[in-house]
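Nothing in this text is a laboratory measurement; each read-out follows from the coordinates by a stated rule. All figures in this text were calculated on a predicted structure; none of them were measured in a lab. Neighbour counts are summed over all protein chains in view; Cβ atoms, including those assigned to glycine, are modelled from backbone coordinates with ideal geometry.
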Amino acid sequence: MSRGAAMLEVIDLRTSLFGPVSLSVAAGECVAIMGASGSGKSLFLRALADLDPNEGRVLLGDEDRDAMPADRWRRKVAMVPAESGWWSDRVADHFEPGAVAGVLLEAFGLPDAMAWEVSRLSSGERHRLALARALALKPAAILLDEPTATLDEAATAQVEAVLRDELARGVPVVLVTHDPAQAKRMGSRLLTMERGRLHARAEARA
Amino acid sequence: MSGYIALSYWDIVLAAVFLVLNAGLSLALRLDLERQLLIAAGRMVVQLLMVGLILKAVFAAASPWITLLVALVMVGFAGHEIRARQERRLAGPWGYALGAGAMTLAGTIVTAFALASQIQPTPWWSPQFALPLFGMVLGNTMTGVSLGLDALHGMVGRERRAIEAQLLLGHTRLAALLPVVRRALRSGFTPIINAMAATGVVSLPGMMTGQILSGVDPQEAVKYQLLIMFLIGGATGLGVLGAVIASARRLTDHRQRLRLDRLAPAPGR
């Protein structure tokens, strides 16, 4: 399957802590999910990425998540958690070799970051670099947990511009955010997670 | 070879004089150590006297079943000790079985190998040779396995984000856990490497000293000590490798997930 232009379909996804949740995200669509802390948003993304034991089906186009090795699935469906980890001292060690990373770092306003040390990164730089290393894998779907929580306006705009490029390529995006303005800017659909269940934003307000 | 000098119980009491002196100093200087010192010394006396009596009876019985029973009791205690020495351990029966299993397998293989090929007593399970050898191998393997598992279980918790970040980027569980597995193996191997490097220079090993004191030719005692150190090193290595790799597998699953839910928080020792 080529990158992008595939629908992400979630059918009765659940763990002991949330769900069941069913959701379809069309190719090039951004679904924004809001909700109180502890409502299950992050757990939903983790289950989508198959990072926690879960039940239910997840399809990317005609490919079934459970029919492919988990490492392959995670390269296709990239998840960037709210706080990413680093396993080596140098930023460059966290990127696979290739030209894509350089282009992304440029777009995030961090062109020289490859030579930097992780211990000297600010939280905003860490956030953008974590996003860049995930997008450098050219995923076919993207799951983001508060990608701009620690960023200023300019950096937030850079991240949103990169995400719009991905959406334009037909990549479906699930965006968890606490920022209603960002949810409206980026999301073609707004949903709310409440006690582990997803609701349309309008219904949640009613 | 010079003769063996038998010790009387009075000699033992005399040797304890300096320990009592230490307790007195602790009392005078208000170090609050005298109670612990005397309890530990008392425990040691009771435990060793009992072991002496039990070993005497086991040697006299010369039964393979009684020898096996004593070995199993040793395994039981060592397995418990491995479990107790981990701040965070695997949940459920795994917390005991994995460490004890790796230690027992490694200890048994190495002890059986030494009995069959180098020491060759008659019968091959002779308790006078099998039990002390198994005890020394087991004791050191126990230390290595508990250090390795304690390091691994502590690190997977602390490094959770780094491990999951790698899994999320499509790394396999093997690749994601390799750095912590390496560090855990290093922790498990360190005591035996240090012991081998320091033996003979910094201190004379206890077993060798005991043999020399009991009249054995020093060169013969050295040969026995080398044999024991090689066996201990081999068993510790096998035990630590087996335990750490098996535990790393238990802490992940076939879908390349980190399963910290399989770790139980320890109530502390």
Review point. Can you tell me the Rg and the Dmax, both Å, for the Cα atoms in the protein assembly as shown?
Key: 30.6, 98
**Study point:** Length-normalised contact order for chain A - Cα pairs under 8 Å, 6+ apart - percent
**Key:** 34
Point to revise | Inter-chain Cβ neighbour average for residues A:82-94, partner chain, 10 Å | key: 3
Revision key, fill the gap. Across the alpha-carbon set of the stretch B:63-262, Rg over Rh with Rh taken as the Kirkwood radius works out to 1.05
Check your understanding: When you look at the Cβ of every residue in A:66-73, what mean number of other chain Cβ atoms sits within 10 Å?
Key -> 4
Check your understanding: In deg cm²/dmol and to the nearest 500, what is the mean residue ellipticity at 222 nm of chain B if only DSSP H runs of at least 4 residues count, each as -39500 (n - 2.57), divided by the residue total?
Key -> -25000 deg cm²/dmol
**Study point:** chain B: relative contact order as a whole-number percent, Cα under 8 Å and 6+ apart
**Key:** 27
Check your understanding: Which peptide among B:42-49, B:72-79 comes first, and what is the full order, when sorted by highest mean count of other Cβ atoms within 10 Å?
Key -> B:72-79, B:42-49
Study note, to complete from the structure: Shape descriptor, the stretch A:117-169: equivalent ellipsoid semi-axes (Cα gyration tensor, sqrt 5λ, whole Å, largest first) stand at 19, 14, 9
Check your understanding: Based on Cβ point charges of +1 for Lys and Arg and -1 for Asp and Glu, what charge dipole magnitude is obtained for the stretch B:63-262 about its Cα centre, in debye rounded to the nearest 20?
Key -> 1020
Point to revise | Rg in Å to one decimal, and Dmax rounded to a whole Å, for the stretch A:78-117 via C-alpha atoms | key: 10.6, 26
Practice item. Report, as a whole number in µm² per second, the diffusion coefficient that Stokes-Einstein gives for the stretch B:6-61 at 37 °C and 0.692 mPa s using the Kirkwood radius over alpha carbon pairs. Key: 253
Exercise for review: Based on other C-beta atoms within 10 Å, arrange B:TYR4, B:TYR9 from fewest to most.
Suggested key: B:TYR9, B:TYR4
Review point. Across peptide B:156-168, how many C-beta atoms of other chains are within 10 Å of each residue C-beta, on average?
Key: 5
Review point. What is the Cα coordinate range of chain A on the first, second and third principal axes, sorted by size from largest, in whole angstrom?
Key: 47, 37, 31
Point to revise | Residue (of B:LEU227, B:LEU115, B:ALA151) at the positive-pole extreme of the stretch B:63-262, dipole from beta-carbon charges | key: B:ALA151
Check your understanding: In Å, what is the Rg of the alpha-carbon atoms in the stretch A:91-206, and how long is Dmax?
Key -> 15.4, 51
Revision key, fill the gap. In whole µm²/s, the translational diffusion coefficient that Stokes-Einstein assigns to the stretch B:22-164, given a Kirkwood hydrodynamic radius over C-alpha pairs, 20 °C and 1.002 mPa s, equals 120
Check your understanding: How do the peptides A:53-62, B:247-256, A:168-177 rank, highest first, by the average count of neighbouring beta carbon atoms within 10 Å per residue?
Key -> A:168-177, B:247-256, A:53-62
